[in-house]
Amino acid sequence: ETGVTQTPRHLVMGMTNKKSLKCEQHLGHNAMYWYKQSAKKPLELMFVYNFKEQTENNSVPSRFSPECPNSSHLFLHLHTLQPEDSALYLCASSQPGQTEAFFGQGTRLTVV
Amino acid sequence: AQKVTQAQTEISVVEKEDVTLDCVYETRDTTYYLFWYKQPPSGELVFLIRRNSFDEQNEISGRYSWNFQKSTSSFNFTITASQVVDSAVYFCALSEAQKGSSYKLIFGSGTRLLVRP
């Protein structure tokens, strides 16, 4: 039990589908992150939220739309994805001012 | 620009051997943090250690030890008497401060460690 829970663990979607990834943390943290882990690239940061406000968008295409309704929940809404978007999407959280982030188990996304 | 290099893509050892995973970093910041994370097959990244740039003291935790050398910009990780359960992908990372007190982690490409019985 890592304290950061991601659902679903696996997702297969067509390029015309709309789906959402969910992340929930029970650690009392106020910063939340989405990272993408592709087969051929290092882990890369996508979005950062601090106290529900987005503070970083790392040039992510608009077909990925994050939402942070409160400090405990983070969503990633997906629409019209491409096969190259297939990857492991990891959510993380941290306490402001603390450098280490705690990660969930990820959602393995396959776009067909 | 900040960068983390893990030159070893994959290492295979026999159980009980010692193994060292290399990490070299680049940064212009004078204050920074270095990390090691373990990613088992289940997928989550497990935090192992954080080291700040002002603390070059080496650290030992059970079978794990870390050697931080600012002179060579390296932060190497050694597992002593490796076990099959150590098989995983290990990531070295460097932090970069962001707005609002959050930190961006810049990861190396990872080293896959396979420990054979």
Residues of segment B:1-28 classified as part of a loop (DSSP other than H, G, I, E, B), more than 17 Å from residue B:39 (Cα to Cα) and modelled with pLDDT of 95 or more, total: 5
Filter result for the condition that a residue is farther than 20 Å from residue B:117 by Cβ and at pLDDT 95 or above, over B:82, B:74: B:74
Residues of segment A:1-58 satisfying the condition of being over 18 Å from residue B:46 (Cβ atoms), more than 9 Å from chain B (Cβ to nearest Cβ) and hydrophobic (A, V, I, L, M, F, W, C): A:11, A:12, A:13, A:15, A:21, A:34, A:39, A:46, A:47
In segment A:50-75, residue farthest from residue A:26 (Cα to Cα) [restricted to those that are over 11 Å from the mean Cα position of the chain (by Cα) and not in a loop (DSSP other than H, G, I, E, B)]: A:57
Count of residues meeting criterion [part of a loop (DSSP other than H, G, I, E, B), within 8 Å of another protein chain (Cβ to nearest Cβ) and either touching a residue at least 40 places away in the same chain (Cβ under 8 Å) or polar (S, T, N, Q) (or both)] in segment A:77-97: 1
Total residues in segment A:1-45, condition assigned to a strand (DSSP E or B), in contact (Cβ under 8 Å) with a residue 40 or more places away in the chain and of a type in the set (A, V, I, L, M): 7
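The values are calculated or read from the model by the stated rules, or taken from the named source; none is laboratory data. The shown structure was predicted, so the numbers you read here are calculated from the model rather than taken from an experiment. All Cβ positions, glycine included, derive from the backbone under ideal geometry; neighbour counts span all protein chains shown.
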